[in-house]
Amino acid sequence: MQKLLEKISWKFRKINLAFSTLYIDWGGRGSYFTFAIWKIDFNLKTYCLFEVTFMLPNKTNTKYFYVNSWDILFLKNYLHKLHTELLDKDLWNRRRMSTWDKFRLNILDRVL
């Protein structure tokens, strides 16, 4: 039985998985709040059905209400990957970028 448990432990050593249906976090001194529904942490990436992290105004380091990060319908990681690919294309092949690629890069710069 011990050998079987050791094999199972060895197979699962690289898997990092966490799941929560409702996640609420308060940052304390940073005055940020996180609200998430269906949050999945898998191999150092976070996927959420709905997540918003925002900072409330205080008189020291945050003057206005500020949305720090968001994720809707598990789209954030896909959009970051697309943004990274477009940035690489802009850096290395600027002449080959189409008008559609420039438009998508502009929109992703504003949204992310």
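Remarks
For (1) at pLDDT 95 or above; (2) outside the structural domain of Ala18 (by TED's automatic domain parsing), each residue gets a yes or a no:
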{"position": "Asn43", "(1), (2)": "no, no"}
{"position": "Thr46", "(1), (2)": "no, no"}
{"position": "Val52", "(1), (2)": "yes, no"}
{"position": "Phe65", "(1), (2)": "no, no"}
{"position": "Leu82", "(1), (2)": "yes, yes"}
{"position": "Leu91", "(1), (2)": "no, yes"}
{"position": "Met97", "(1), (2)": "no, yes"}
{"position": "Leu112", "(1), (2)": "no, yes"}
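- Those strands (runs of 3 or more DSSP E) lying entirely in the stretch 1-90 with at least 1 residues within 30 Å of Arg104 (Cβ to Cβ): 32-42, 45-55, 66-72
- Residue selected from the stretch 80-110 under the condition among the β-branched types (Val, Ile, Thr) and surrounded by 10 or more Cβ atoms within 10 Å (Cβ to Cβ), by the criterion nearest to Val67 (Cα to Cα): Ile107
- Test: residue in the stretch 12-20 that is touching a Ser or Thr at 6+ places or on another chain (Cβ under 8 Å) and either at pLDDT 90 or above or surrounded by 10 or more Cβ atoms within 10 Å (Cβ to Cβ) (or both): no
Rundown of residues vs (1) of a type in the set (Lys, Arg); (2) under 22 Å from the mean Cα position of the chain (by Cα); (3) closer than 30 Å to Ser31 by Cα, yes/no style:
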residue	(1), (2), (3)
Lys63	yes, no, yes
Leu75	no, yes, yes
Leu86	no, yes, no
Asp90	no, no, no
Thr99	no, no, no
Asp109	no, yes, yes
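The values are calculated or read from the model by the stated rules, or taken from the named source; none is laboratory data. All figures in this text were calculated on a predicted structure; none of them were measured in a lab. Cβ: placed from backbone, ideal geometry, glycine included. Neighbour counts: every protein chain shown.
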